[in-house]
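Some notes on the structure that comes next.
The values are calculated or read from the model by the stated rules, or taken from the named source; none is laboratory data. Given the structure is predicted, the values throughout are model-derived calculations rather than measurements. Methodologically, a virtual Cβ is constructed for each residue, glycine included, from the backbone with ideal geometry; neighbour enumeration extends over all protein chains shown.
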Amino acid sequence: MNPELFLAFIVVAVALACTPGVDWAFTIAAGLRQRSFVPAVAGLCSGYVLHTVLLVAGLAALLAGMPGVLGWLTVAGAVYLLWLGISTLRTWRGASFSAGAAVGRSGPGGSGSPGGTQLKAFLQGVGTSGINPKGLLFFVALVPQFVSADAALPVPVQSGLLGLTFVLLVAFIYTAVALLSRTLLQSRPTAARAVTLASGVLMVLLGAALLGEQVLA
């Protein structure tokens, strides 16, 4: 793999991962509502691993060339974001973090075992990044620009390495976001509730925008 292309990819990937969006909103909300943010971050990363597998298999480019299928994926992603945002908005008043309160909390519902809570956060994370058509198009549009046909490694291998590199960067950045938000907001219940409310609103707005694009298309 071309070292210059690889470094350029890292710069671009870090810039994109550091841009606040749905993933950030989900990470912060999960960090404030649950005992551990690790399942949520792991779920987000797993969704991007799924995109990487699709890219390596050539399915991502195929789906991108099929507007009908991509349209239905966009609708599914929009509905999911709306549901996730509404669930967050329903619990924003209890967003102030405390270790004792978080032990018995299950996220949107507010009850349940820790194991069930962590599995639910993981699956929600997979859905947030995995069912997002913009994530699929990100891999289709960005990764091929940093693949060299003259490199010793085959193109699918290069694509897979770039995709997994993005997953590792995302894991590090989202963990930092969750840690910083928890550190800064755990002693500020009013601010924690405001940030969680803003996260829910952001998810609802983005879901509505995606759905509106398909309805008006």
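Report the residue count in the stretch 1-34 for those that are closer than 29 Å to V204 by Cβ and in a loop (DSSP other than H, G, I, E, B). Final tally of qualifying residues: 5. Scanning the stretch 1-24 for residues that are more than 19 Å from F138 (Cα to Cα) and in contact (Cβ under 8 Å) with a residue 60 or more places away in the chain gives M1, N2. Annotation note: of R182, R193, the sole residue that is touching a Lys or Arg at 6+ places or on another chain (Cβ under 7 Å) and farther than 24 Å from E213 by Cβ is R193. Is at least one residue of the stretch 67-74 modelled with pLDDT of 80 or more and buried (at least 18 other Cβ atoms within 10 Å of the Cβ)? Checked the stretch 67-74: no residue is modelled with pLDDT of 80 or more and buried (at least 18 other Cβ atoms within 10 Å of the Cβ). T88 satisfies every condition listed in (1) at pLDDT 85 or above; (2) touching a Gly at 6+ places or on another chain (Cβ under 7 Å) except (1).
This table checks each residue for (1) surrounded by fewer than 23 Cβ atoms within 10 Å (Cβ to Cβ); (2) in contact with a helix residue (DSSP H, G or I) (Cβ under 9 Å, 6 or more places away or on another chain); (3) over 15 Å from K120 (Cβ atoms).
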{"position": "A17", "(1), (2), (3)": "yes, yes, yes"}
{"position": "P20", "(1), (2), (3)": "yes, yes, yes"}
{"position": "A25", "(1), (2), (3)": "no, yes, yes"}
{"position": "A40", "(1), (2), (3)": "no, yes, no"}
{"position": "S46", "(1), (2), (3)": "yes, yes, no"}
{"position": "H51", "(1), (2), (3)": "no, yes, yes"}
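Restricting the stretch 135-161 to residues that are touching a Ser or Thr at 6+ places or on another chain (Cβ under 8 Å) and within 17 Å of C18 (Cα to Cα), the residue that is modelled with the highest pLDDT is F139.
When you check A95 against the structure, is it modelled with pLDDT under 80, over 26 Å from E213 (Cα atoms) and buried (at least 20 other Cβ atoms within 10 Å of the Cβ), yes or no? Outline the logic, then answer.
On the way: modelled with pLDDT under 80: yes; over 26 Å from E213 (Cα atoms): yes; buried (at least 20 other Cβ atoms within 10 Å of the Cβ): yes.
So A95 passes the test.
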